[in-house]
1. Under 5 Å between amide H atoms, partner at least 5 residues away or on a different chain: which partners does Asn34 have, H built in plane at 1.01 Å?
2. Find the Rg to Rh ratio for the stretch 28-124, where Rh is the Kirkwood radius over alpha-carbon pairs and Rg uses the same atoms.
3. Across the stretch 2-161, how many lysine pairs, 8 or more positions apart or on different chains, have C-alpha atoms separated by under 27 Å? Please give the number.
4. Based on the Cβ-Cβ distance of Thr152 and Arg65, what FRET efficiency does E = 1/(1 + (r/R0)^6) give at R0 = 25 Å, to the nearest 0.05?
5. Could you tell me the calculated FRET efficiency between Val179 and Glu57, based on Cβ-Cβ distance and R0 = 45 angstrom, to the nearest 0.05?
6. Counting each DSSP H run of 4 or more residues in the chain as -39500 (n - 2.57), what helix-only mean residue ellipticity at 222 nm follows after dividing by all residues, to the nearest 500 deg cm²/dmol?
7. Give the span of the stretch 6-184's Cα atoms along each principal axis, as three whole-Å numbers ordered largest to smallest.
8. Which percent, to the nearest 5, of DSSP beta bridges fully inside the chain are antiparallel?
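Read-outs throughout are calculated quantities, based only on the coordinates presented, and are distinct from any laboratory measurement. It should be emphasised that the depicted structure is a prediction, and the values quoted were computed from it without experimental measurement. Cβ placement follows ideal geometry from the backbone for every residue including glycine, while neighbour counts extend to all protein chains displayed.
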Amino acid sequence: MEKPTEIMVKQTRLSLAQGDITRQNTDAIVNAANSSLMGDSGVDGAIHRAGGPAILEECKQIVARQGRLPTGRAVITTGGNLKAKYVIHTVGPVWHGGGQGEPELLASAYRESLKLASQRNLTSVSFPSISTGAYGYPVADAARVALKTVLTFLQNETTSLKEVVFVLYDARTYETYRVALEELAK
């Protein structure tokens, strides 16, 4: 039996892909940023390197205007040299065992990113697995929070989005998300 890697939620296709998010051709890609928005390491560094200096310049302007980006919030910039026209930068929580509001903050990061995409009338967005790298969030827990948050948003909100893709860097993360999607889709 074929294992599901995509589902329809109202008018939006939610799918999983393994690969490099910087190569996605969606209207926007989401950056798992840190609060400084300076493009350090991991997905954040890869997006800044691939997108070029225009992204960093806009990030600097945002930080100068409003200060560091709080955990669970999101802002949008140009995609620079990326195929995606925009980058939505969001800050996920650092994992401290799960008792310091991490699930709520992670859900907020996804929800705020989806709200920004909808406000801009975007039709497609790609997400990485937020907070599961250097921030140490357990992948299985993060996958459930991420997928449940996106499913709830798509079911309950009016949105311009027709496609939401989770672009997962390695086979282990992809498989963890696939299992979580299968469980949530029942």
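1. Gly39, Asp40
2. Rg/Rh for the stretch 28-124 comes to 0.96.
3. Total qualifying Lys-Lys pairs in the stretch 2-161 comes to 12.
4. Once the sixth-power term is evaluated, E becomes 0.20.
5. Approximately 0.65, to the nearest 0.05.
6. Here the helix-only value at 222 nm equals -13000 deg cm²/dmol.
7. 42, 36, 29
8. Taking every DSSP beta bridge within the chain, about 35 percent pair in antiparallel fashion.
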